[in-house]
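Here the structure comes first, spelled out in structure tokens, and everything after it is commentary.
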Amino acid sequence: MSNSSTVALIVAAGRGERAPNGSKPKQYRLLAGKPVLRWAIEAFVQNQMVGLIQVVIGADDRFHYDETTRGINLCEPIVGGVTRQESVLIGLEALKEQKPNKVLIHDGARPFVSQALIQRVVSALDTAEAAVPLLPVSDTIRRKKKSGYEIVAREDLRRAQTPQGFSFERILAAHRKLHDLTATDDMIIAEKAGMTINDVVGEEGNFKLTNNQDFKLAEMISTNTLGEVRTGTGFDVHEFSSGEYIWLCGVRIPHQMGLKGHSDADVGLHALTDAILGSICAGDIGVHFPPTDPQWRGVPSHIFLAKAVTLVRERGGDVVHVDVTLICEQPKVSVYRNEMRRKIAQILDINSDCVSVKATTTDGLGTIGRGEGIAAQAIATTRLRAT
Ligand code: CTP
Ligand code: MG
């Protein structure tokens, strides 16, 4: 890495105790189908100035991290410490071999950082060793006294946000030296170490998700910024033939028969591919992969699904939720349900919480009821960002 490089250090090793909700720490909760941390990471991935992103995670969070960052090219995450300050120092130490020039340190719990703000922080580092986004305080501030309150003049108060930018060498040295100090952000460390600091204007939208009330606001913002909601449906049927296994929703299942078809005959993925294509009015699977074309003979159907997702992305969109229903008497789908959800999530690069797989029979009625084949239907929800 060149010496003029800028790297991002995203700290996400906290437990989110002030925003309790099930078993996941807050940075892995979903906002409009996307984990909080992924929102934050994507902002830095999009930024041309940032050459490398190091994320610091909790010791028990690797599974959540892998799900969250699927499809994004990042360096190996590192396990953080008990306090934010420790996590930052561990992250800086992990980055030092790259010899970066500047580092942007960001809270993984701030999902809505804008490109403009990242840019302001980077530019402010041209003329100082540190840069911090600040906002004024608009509420009246009261300090609790032994009895009653006193009013604090708010004119001189500022709220500090992240990303905060630093000369890499200086902030690493400062963190090493001042590790006994208790600091809730890195500006405190920089100030104590005597670094020169530039202020930049922060953004109200770049708030830190701290408690469950913050999540209510974040949900409103995320659903509005993600653009137009689309849905599409898909349906497919494949007939049984001789064989010893079938492919269903990306999973190979031993069976006393196979499924007839041009590709691997994965009826679940075919219905889902059509649903996704439907959401962007991009025709159907046969348009993109004509069954008359020998190159698609026997190919795994995840290729079709991946193509549909690529087309959505090219339209500036994301797949945010899918639901597949498999209709058959045999095999018993419930055993494979979670594996299918994981497979589909992997192909779509989304969280498996946003992938549903269901199954039903037709109560012995009709061709499916007689066990002559398997049918599948699917619905996909996509969001197309306003252009
Ligand atoms: N953080 C960290 N390591 C810690 C503590 C915090 O990397 N030991 C990160 C958090 O993951 C978060 C940021 O620092 O992205 C700001 O911290 P905070 O909002 O306090 O998050 P939590 O510590 O997770 O929340 P809480 O204090 O409510 O438990
Ligand atoms: Mg904390």
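Okay, here's what the table says:
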{"quantity": "Residue within region 118-130 that is modelled with pLDDT of 95 or more, farther than 20 Å from His179 by Cβ and within 16 Å of ligand 2 (Cβ to nearest atom) present", "calculated": "no"}
{"quantity": "Where Ala131 falls short, out of the listed (1) under 30 Å from the mean Cα position of the chain (by Cα); (2) surrounded by 13 or more Cβ atoms within 10 Å (Cβ to Cβ); (3) assigned to a helix (DSSP H, G or I)", "calculated": "(3)"}
{"quantity": "Filter result (within 12 Å of ligand 2 (Cβ to nearest atom) and surrounded by fewer than 21 Cβ atoms within 10 Å (Cβ to Cβ)) within region 80-96", "calculated": "Gly81, Val82, Thr83, Arg84, Glu86"}
{"quantity": "Residue in region 242-252 that is open to solvent by 60 Å² or more (accessible area, probe 1.4 Å) and not in a strand (DSSP E or B) present", "calculated": "yes"}
{"quantity": "Selection status of Glu42, of a type in the set (Asp, Glu) and either part of a helix (DSSP H, G or I) or within 12 Å of ligand 1 (Cβ to nearest atom) (or both)", "calculated": "yes"}
{"quantity": "Residue tally, condition free of Cβ contacts under 8 Å to residues at least 60 places away in the same chain and assigned to a helix (DSSP H, G or I), over region 291-323", "calculated": "15"}
{"quantity": "Test: Val322 is open to solvent by less than 10 Å² (accessible area, probe 1.4 Å) and either of a type outside the set (Gly, Ala, Ser) or under 14 Å from His270 (Cα atoms) (or both)", "calculated": "yes"}
{"quantity": "Region 192-206, residues that are within 25 Å of His175 (Cβ to Cβ) and open to solvent by 30 Å² or more (accessible area, probe 1.4 Å)", "calculated": "Lys192, Ala193, Gly194, Thr196, Ile197, Asn198, Asp199"}
{"quantity": "Residue pairs meeting the criteria (Cβ under 7 Å; at least 6 apart or on separate chains; first farther than 14 Å from Ile276 by Cβ and touching a residue at least 24 places away in the same chain (Cβ under 8 Å), in region 366-380; second open to solvent by less than 20 Å² (accessible area, probe 1.4 Å) and of a type in the set (Lys, Arg))", "calculated": "none"}
{"quantity": "Options Leu209, Leu181; residue that is within 16 Å of ligand 1 (Cβ to nearest atom), at pLDDT below 95 and either under 30 Å from Pro35 (Cα atoms) or in the same structural domain as Gly16 (by TED's automatic domain parsing) (or both)", "calculated": "Leu181"}
{"quantity": "Region 11-23 - residue that is more than 23 Å from Phe44 (Cα to Cα) and more than 8 Å from ligand 2 (Cβ to nearest atom) and, of those, least open to solvent (accessible area, probe 1.4 Å)", "calculated": "Ala19"}
{"quantity": "Residue tally, condition open to solvent by 20 Å² or more (accessible area, probe 1.4 Å) and at pLDDT 95 or above, over region 51-62", "calculated": "4"}
{"quantity": "Every residue from region 258-269 that is closer than 16 Å to Ile344 by Cα and touching a helix residue (DSSP H, G or I) at 6+ places or on another chain (Cβ under 6 Å)", "calculated": "Leu269"}
{"quantity": "Residue under evaluation Asp199, criteria (1) part of a helix (DSSP H, G or I); (2) more than 25 Å from Ile90 (Cα to Cα); (3) among the charged types (D, E, K, R), criterion not met", "calculated": "(1)"}
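For (1) open to solvent by less than 30 Å² (accessible area, probe 1.4 Å); (2) in contact with a His (Cβ under 9 Å, 6 or more places away or on another chain); (3) at pLDDT 95 or above; (4) not assigned by TED's automatic domain parsing to the domain that holds Gly373, each residue gets a yes or a no:
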residue: Asp236; (1), (2), (3), (4): no, yes, yes, no
residue: Pro254; (1), (2), (3), (4): no, no, yes, no
residue: Leu272; (1), (2), (3), (4): yes, no, yes, no
residue: Gly283; (1), (2), (3), (4): no, no, yes, no
residue: Pro291; (1), (2), (3), (4): no, yes, no, no
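The values are calculated or read from the model by the stated rules, or taken from the named source; none is laboratory data. On a predicted model such as this, the values are computed, not experimentally measured, just so you know. Ideal geometry is used to build each Cβ from the backbone, glycine not excepted, and the neighbour counts take in all protein chains shown. With ligands, DNA and RNA removed, areas are computed over all heavy atoms of the protein, side chains included. Shrake-Rupley method; radii C 1.70, N 1.55, O 1.52, S 1.80 Å.
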